[in-house]
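**Q** Below: one structure in structure tokens.
The values are calculated or read from the model by the stated rules, or taken from the named source; none is laboratory data. Small disclaimer: the values here were computed from a predicted structure and weren't measured. Neighbour counts run over all protein chains shown; Cβ positions are idealised from the backbone, glycine included. To get the accessible areas, we keep the full protein, side chains included, count just its heavy atoms, and leave off ligands, DNA and RNA. Shrake-Rupley method; radii C 1.70, N 1.55, O 1.52, S 1.80 Å.
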Amino acid sequence: MSVAHMIDGKAEAARLLDMLREDVSRLRAQGVAPCLAVVLVGNDPASEVYVRNKVLRAREIGIESLECRLPADTDEPALLGLIARLNADPAVHGILVQMPLPAGLTESAVIDAIAPAKDVDGFHRENVGRLVLGEPGLAPCTPSGCLHLLRRIAHDLSGKHAVVVGRSNIVGKPVATLLLQANCSLTVVHSRSVNAAQLCRQADIVIAAVGKPQLIDANWVKPGAIVIDVGINRIEVDGKPKLVGDVDYASVSRVASAITPVPGGVGPMTIAFLMKNTIAAAAAQHGLRQQAPASAA
Ligand code: NDP
């Protein structure tokens with residue numbers, strides 16, 4: 001029995017970050033120091049880890065970072081005021097507000113308040129519109145990371161049947177849009193789908209973004225399919241905390257041709273694409289077209 005190739009997102013992200021470091025050097029040589037502002041409201045432990053990792057990666061490749069921490073009881077006008085100041089600050093090129101926000105703060109209002117040119121998460125409705133229209137803009141990081149990994153494995157995605165499990169605004173819908181642009185045939189499966197496993201079994205490419213630990217087992221996957229697991233779920237095994245995806249790696253890796261692990265798959269790619277967006281935003285805000293960015297290689 002053959003075992004699927006493990007798609008090493010950690011190694012691929014490190015490769016991409018090395019190239020991005022070169023892009024940062026080139027921008028700095030032109031007098032631009034890319035800067036990412038990361039806003040954290042409250043002290044959700046998982047969000048703390050995400051913010052720490054993002055700031056660390058930024059610094060590692062020469063991107064300036066500005067950490068803005070606000071208490072959990074911050075009201076919306078205060079948060080929107082901070083975003084307005086960051087929008088107006090010419091030294092800040094990218095703004096990321098770590099989600100989820102504490103109760104009482106409306107995520108959509110906060111996303112709408114970020115200047116689209118600084119929206120490095122790619123969640124603003126203007127960037128969402130550009131993505132759907134196939135126009136240049138800031139695309140969301142996790143879906144971009146999924147496509148990058150797929151291209152490293154499959155090169156030409158044209159004509160492949162992709163099944164996206166999940167239809168959220170931050171993962172499912174944008175990854176589906178990117179797959180369409182890559183000329184895949186597309187099925188989106190969600191909680192109201194009838195026979196989700198049967199639909200999924202038709203896929204050459206499975207993208208799992210459900211938020212349900214190990215939901216997708218070998219019965220959902222056609223032999224030889226490529227499986228990208230976006231899920232990050234914290235479970236307990238024998239009383240110990242464990243991070244697992246939406247895919248049951250042990251069973252699916254015996255059926256698929258290639259599969260991303262959790263951790264070490266899509267997660268590191270998300271951060272790498274956040275850095276890529278920050279660099280692109282900085283270049284655009286200074287009227288510099290990135291001539292053949294190293295990261296395009
Ligand atoms: P959401 O909860 O916003 O969306 C989940 C989607 O899954 C919904 O569209 C829902 O359908 C669908 N769904 C739920 N149950 C089923 C089911 N039984 N069968 C088929 N579809 C189902 O989650 P997100 O998209 O925000 O995140 C998904 C996962 O990805 C999470 O584990 C999250 O932690 C992870 N994540 C990882 C990132 C990374 O960097 N690796 C970044 C972002 C998220 P419906 O719309 O009908 O409710």
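**Q** Show me 125-135, 36-46 ranked by packing, highest mean number of other Cβ atoms within 10 Å first.
**A** Result, highest mean Cβ count within 10 Å first: 36-46, 125-135.
**Q** Measure off 7 Å from each Cα along the Cα-to-Cβ vector at Arg15 and Lys242, then give the distance between these two points in nanometres to one decimal.
**A** 3.0 nm
**Q** With n ≥ 4 as the cut-off for DSSP H runs, can you work out [θ] at 222 nm for the chain, using -39500 (n - 2.57) per run divided by the number of residues, rounded to the nearest 500?
**A** When only DSSP H runs of four or more count, the value is -12500 deg cm²/dmol.
**Q** To two decimal places, what compactness ratio does segment 69-110 give when its Cα radius of gyration is scaled by 2.2 N^0.38 Å?
**A** Relative to the 2.2 N^0.38 Å estimate, segment 69-110 comes out at 1.16.
**Q** I've got another one for you. Between their Cα atoms, which of Lys10/Lys118; Lys242/Lys276; Lys10/Lys240; Lys54/Lys212; Lys10/Lys242; Lys10/Lys222 are more than 21 Å away from each other?
**A** Violating the 21 Å Cα-Cα cut-off are Lys10/Lys118; Lys242/Lys276; Lys10/Lys240; Lys54/Lys212; Lys10/Lys222.
**Q** Ignoring ligands, DNA and RNA, what percent of the accessible area of the chain is carbon or sulfur (1.4 Å)?
**A** For the chain, the apolar C and S fraction of the accessible surface comes to 54 percent.
**Q** Right, another one. Tell me the Kirkwood hydrodynamic radius of segment 186-281 in angstroms, computed as one over the mean inverse distance between distinct C-alpha pairs.
**A** Evaluated on segment 186-281, it is 14.2 Å.
**Q** What residues have an amide H closer than 5 Å to that of Ser185, excluding those fewer than 5 places away on the same chain, when H is modeled at 1.01 Å from N in the peptide plane?
**A** Those qualifying (amide H under 5 Å, at least 5 residues apart or on another chain) are Gly159, Lys160, His161, Ala162.
**Q** Something else: Between His93, His124, His155, which gets the highest mean-square fluctuation from a Gaussian network model of the chain, Cα cutoff 10 Å?
**A** Checking each option, the largest mean-square fluctuation is seen for His155.
**Q** Can you give me the span-like helices of the chain, meaning DSSP H runs with 20 Å or more of Cα extent along the axis and Kyte-Doolittle mean at or above -1.0?
**A** 9-29, 45-60, 266-285
**Q** Could you sort Glu236, Glu107 by accessible area so the largest value comes first, with the probe set to 1.4 Å?
**A** Ranked list, largest accessible area first: Glu236, Glu107.
**Q** DSSP beta bridges in the chain, what fraction antiparallel, as a percent rounded to 5?
**A** Of all bridge pairs located within the chain, approximately 15 percent are antiparallel.
**Q** Could you tell me the relative contact order of segment 154-222? Use alpha-carbon pairs under 8 Å, at least six residues apart, and round to a whole percent.
**A** 38 percent.
**Q** Here's another thing I want to ask about it. Residues of the chain: accessible area per residue at 1.4 Å, in Å²?
**A** Averaged over the residues of the chain, the accessible area is 47 Å².
**Q** Moving on to the next point. Express as a percent, rounded to the nearest 5, the fraction of DSSP beta bridges in segment 140-268 (both residues included) that run antiparallel.
**A** Around 25 percent antiparallel, to the nearest 5.
**Q** Also: Where the convex hull is taken over the Cα atoms of segment 176-241, what is its projected area averaged over directions, in nm²?
**A** In nm², the orientation-averaged hull projection of segment 176-241 is 5.5.
**Q** Largest first and in whole Å, give the semi-axes of the chain's equivalent ellipsoid, each being the square root of 5 times a Cα gyration tensor eigenvalue.
**A** 32, 22, 18
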